[in-house]
Amino acid sequence: MSAALRIALADDQALVRAGLRALLERQHIEVAIEAEDGQQLLDALARQSVDVVLSDIRMPGMDGIEAMTRLRARGDATPVLLLTTFDDSELLLRASDAGAQGFLLKDAAPEDLRAAIARIAAGETLLQPVSTDPVRARFRFRDEAPPRDTFGEREVAILRLLAGGYSNKEIARTLFLAEGTVKNYVSTILDKLGTRDRTRAVLKAITLRII
């Protein structure tokens with residue numbers, strides 16, 4: 001049996017932390033660190049390591065993004081999964097720029113949270129898209145340049161799987177394609193959207209209503 005994943009949990013609400021701890025421990029994930037703000041999280045991570053940092057984005061004092069920025073600045077590459085709500089949508093690009101490996105809505109199902117932590121720990125990235133008009137409105141100031149070409153049905157399907165955090169290998173298995181073929185599709189998608197990475201591609205695709 002593999003060792004339990006160890007995480008650091010940061011949220012300013014004690015009841016939320018208690019609920020998440022109980023939920024995660026039932027799924028054999030050890031909460032090795034609890035913190036109520038970014039500074040407390042950084043101090044604890046300086047003393048012990050974990051597999052994944054699970055942090056709320058919005059916290060008083062030092063928020064989750066600032067804590068992650070400082071973590072990276074001191075050379076700590078521990079994967080970070082940020083918890084967000086619909087009201088946090090304008091922070092997703094900022095968090096991506098700062099080096100977040102993933103985002104997850106706070107109302108995600110327990111099994112989705114567990115799967116997200118496992119994926120982040122394994123080195124994958126995860127963006128749970130929020131395909132709503134308010135999100136598109138918040139991203140509107142960023143980049144609405146039209147794509148360089150139209151998207152085929154297969155490319156749209158791959159974009160949706162990218163939004164779910166699937167790796168090229170998983171996409172290939174799901175769509176019955178060779179992994180190299182998926183890699184070529186992803187490169188074409190990034191080129192059409194004029195983006196340099198998968199997260200930005202998904203965010204722009206949401207903005208432009210491609211997915």
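The values are calculated or read from the model by the stated rules, or taken from the named source; none is laboratory data. All values reported here derive from a predicted model rather than from experimental measurement. Positions of Cβ are generated from backbone atoms using ideal geometry, with glycine treated the same way; all protein chains shown enter the neighbour counts.
Among the residues making up region 1-41, none is touching a Pro at 6+ places or on another chain (Cβ under 9 Å) and either at positive phi or among the aromatic types (F, W, Y) (or both).
Taking region 150-194 as the search range and keeping residues that are in contact (Cβ under 8 Å) with a residue 40 or more places away in the chain and more than 22 Å from I120 (Cα to Cα), which one is farthest from the chain's Cα centre (by Cα)? If we take residues in region 150-194 being in contact (Cβ under 8 Å) with a residue 40 or more places away in the chain and more than 22 Å from I120 (Cα to Cα), then F151 is farthest from the chain's Cα centre (by Cα). Restricting region 1-19 to residues that are hydrophobic (A, V, I, L, M, F, W, C) and under 17 Å from P79 (Cβ atoms), the residue that is farthest from the chain's Cα centre (by Cα) is A3.
Filtering region 177-205 to residues that are within 17 Å of R148 (Cα to Cα) and not in a helix (DSSP H, G or I) leaves G194, T195, R196, D197. Here L71, L24 are screened, and the one residue that is in contact with a strand residue (DSSP E or B) (Cβ under 8 Å, 6 or more places away or on another chain), assigned to a helix (DSSP H, G or I) and touching a residue at least 60 places away in the same chain (Cβ under 8 Å) is L24. Of the set (1) within 25 Å of S49 (Cβ to Cβ); (2) out of contact with any helix residue (DSSP H, G or I) (no Cβ under 8 Å at 6 or more places or on another chain); (3) at pLDDT below 85, all apply to A118 but (3). Checked against the criterion of being among the hydroxyl-bearing types (S, T, Y) and surrounded by 14 or more Cβ atoms within 10 Å (Cβ to Cβ), the candidates T174, T150 yield just one match: T174. Is at least one residue of region 79-88 at pLDDT 90 or above, outside the structural domain of K169 (by TED's automatic domain parsing), more than 23 Å from A18 (Cβ to Cβ) and more than 11 Å from the chain's Cα centre (by Cα)? No, the conditions are met nowhere in region 79-88. Of V202, V186, V182, V156, all but one fail to be modelled with pLDDT under 85 and either of a type in the set (A, V, I, L, M) or surrounded by fewer than 16 Cβ atoms within 10 Å (Cβ to Cβ) (or both); the exception is V202.
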